[in-house]
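Student: Below: one structure in structure tokens.
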Amino acid sequence: MEQKNKDCCSCHTIHEEIIEKVREKMPEEEQLYDLAEFFKVFGDSTRIKIICALFEAEMCVCDIAALLGMKQSAISHQLRILKKERLAKFRKEGKVVYYSLDDEHVQKIFEQGFNHIIHR
């Protein structure tokens, strides 16, 4: 006996007015691509740990590496990705480079995702 997919409509009616209304509201393809790339950054647990650390304090690469028990080169690589996506920023003080979250949006995005996870 064939099992029907319960996630699909059992009719074949197309609601053109709804489709057109939604089509008008859809962002441009390039914007959707950029958004997908942005959210990929959150797909790495090391980057998530770095973001969590930067919630608490501005930190240099050495301190982040010590906190996470990782090599500085690995932390630097992840920070480059975070900077590229404008999630982290840096400032120099002498020979030391300090990193922080780029702006308050980063924490809000993270908190929304975290709240979604713990709400399950």
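Student: How about the stretch 20-37: which of its residues are open to solvent by less than 80 Å² (accessible area, probe 1.4 Å) and not in a helix (DSSP H, G or I)?
Tutor: Once the filter is applied, which keeps residues that are open to solvent by less than 80 Å² (accessible area, probe 1.4 Å) and not in a helix (DSSP H, G or I), the stretch 20-37 yields only Pro27.
Student: If you don't mind, there's one more thing I want to ask. State all residues of the stretch 98-119 that are more than 17 Å from the chain's Cα centre (by Cα) and modelled with pLDDT of 95 or more; if no residue qualifies, say none.
Tutor: Across the stretch 98-119, the qualifying residues are Tyr98, Tyr99.
Student: Looking at Ser100, Ser73, which is the one that is open to solvent by 40 Å² or more (accessible area, probe 1.4 Å), of a type in the set (Ser, Thr, Tyr) and under 17 Å from Lys49 (Cβ atoms)?
Tutor: Going through Ser100, Ser73 in turn, just one is open to solvent by 40 Å² or more (accessible area, probe 1.4 Å), of a type in the set (Ser, Thr, Tyr) and under 17 Å from Lys49 (Cβ atoms): Ser73.
Student: Here's something else I'd like to know. In the stretch 44-68, what count of residues is obtained for those that are of a type in the set (Gly, Ala, Ser) and open to solvent by less than 70 Å² (accessible area, probe 1.4 Å)?
Tutor: So the answer is 3.
Student: Determine, yes or no, whether Lys40 is over 16 Å from Ile109 (Cβ atoms) and either open to solvent by 100 Å² or more (accessible area, probe 1.4 Å) or assigned to a loop (DSSP other than H, G, I, E, B) (or both).
Tutor: Answer is no for this residue.
The values are calculated or read from the model by the stated rules, or taken from the named source; none is laboratory data. Values in this document were obtained by computation on a predicted structure and should not be read as measured data. In this analysis, Cβ positions are derived from the backbone assuming ideal geometry, glycine residues included, and neighbour counts consider all displayed protein chains. These area figures cover heavy atoms from the full protein model, side chains too; ligands, DNA and RNA do not enter into them. Shrake-Rupley method; radii C 1.70, N 1.55, O 1.52, S 1.80 Å.
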